[in-house]
Amino acid sequence: MDLKKIAELQRKLSRKIVEQPLDISEVKSVAAVDVSYKGNHAKGAFVLCSFPSCEVLKTKVIETEVNFPYIPTYFFLRETRPILMLVKGEKFDVLLVEGHGKAHPRGYGLASHVGVLINKPTIGVAKRPLPNTKDFVKVGKAYVSVGNLIDLDSAKMIVEMINENGYPKPLRIADKLSKGAENGRY
C-alpha cells in the first residue's frame, strides 16, 4: 500500500468538495453514522432524526468485516464501506459523520469522502482535532467541519440546534448503538 499515492489522491479529491451555504429552513431530517470496531469486525449505526426537534425516527445497525487497518489520517479507507452500507436507500437532508471533513491535514477526511460519494450535505463531527488542521469550529465538545455541500456556518448552526450535553444527539445515539446498546437504551 502506497500511502504517498493515497495522500496525493486525497489532495486531488479535496477539490471536489463543494462548500456552500445551506438553507436551514429546508432541512427536515438529520441522519448520523458511527462505526465501532473489534479487530476487523465493524458494527455501524445509522440514526435518523427529525429536524430541528431531533426526535428519533429510525435506527439501523449493520455488522461487517473490514480488512483495511486503522491508519491515522487514512481513516476514510477503513470506514467508508460500512457507512455506505448504512446510508444505502435512506432518505435524509443532512448527514453527520463521526470523523473529520475539511479539518484534515490533506483537507479531505472521512466526512468529505462520504459526502462526495453520496452527493449530500455532510458534516464532519469529531471528538478532537487532528494536528496541523484548521477549517473547524468547536460546538460544545464537538469539532465540526465541512464534509460536502455545506459551509462551516451552516454546519455549526445545525450542530448547535441538535446539541445535547455537548454533542449532537443523533451522533451520540449512533455511537452508543455501534458499541452495542440495544435499541431504546440510548
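The values are calculated or read from the model by the stated rules, or taken from the named source; none is laboratory data. Because the structure is a prediction, the values reported are computed rather than measured. Every residue, glycine as well, gets a Cβ built from its backbone with ideal geometry; the counts of neighbours run over all protein chains shown. For the accessible areas, the whole protein counts, side chains as well, though only heavy atoms, and no ligand, DNA or RNA atoms are used. Shrake-Rupley method; radii C 1.70, N 1.55, O 1.52, S 1.80 Å.
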Length gain on complete extension for the stretch ILE71 to ASN40, per 0.36 nm per residue less the alpha carbon to alpha carbon distance? 9.8 nm
Sum of side-chain charges, GLY140 neighbourhood, beta-carbon under 12 Å (Lys, Arg +1; Asp, Glu -1): +4
Quick check for you: with a 1.4 Å probe and neighbouring chains kept, what is the accessible area per residue of the stretch 33-186, in Å²? 44 Å²
Taking 0.36 nm per residue of separation between VAL137 and GLU63 and subtracting their Cα-Cα distance, the length gained on full extension comes to 23.5 nm
What value, in deg cm²/dmol to 500, does the helix sum -39500 (n - 2.57) over DSSP H runs of n ≥ 4 give at 222 nm once divided by the residues of the chain? -8500 deg cm²/dmol
Given a Förster distance of 30 Å, the FRET efficiency implied by the Cβ-Cβ spacing of ASP151 and VAL56, rounded to the nearest 0.05, works out to 0.65
Near-label residues of the stretch 143-180 by backbone N, under 20 Å of a point 7 Å along Cα→Cβ of ASP23: 148-159
Quick one: net charge of VAL33's neighbours, Cβ under 11 Å, K/R +1, D/E -1? -4
Where the centroid of each part is defined by its Cα atoms, how far is the stretch 27-92 from the stretch 106-133 in Å? 13 Å
Looks like the stretch 1-160, by Cα gyration tensor root eigenvalues a ≥ b ≥ c and the a/c under 1.5 rounded cutoff (else prolate when a/b is bigger than b/c, oblate otherwise), is oblate
Would you mind putting 26-34, 13-21 in packing order, based on average other-beta-carbon counts within 10 Å, highest first? 26-34, 13-21
What part of the accessible area of the stretch 52-186, given as a whole %, is carbon or sulfur when the probe is 1.4 angstrom? 50 percent
Selection from MET85, ALA7, VAL114, by position along the positive dipole direction of the chain (Cβ): ALA7
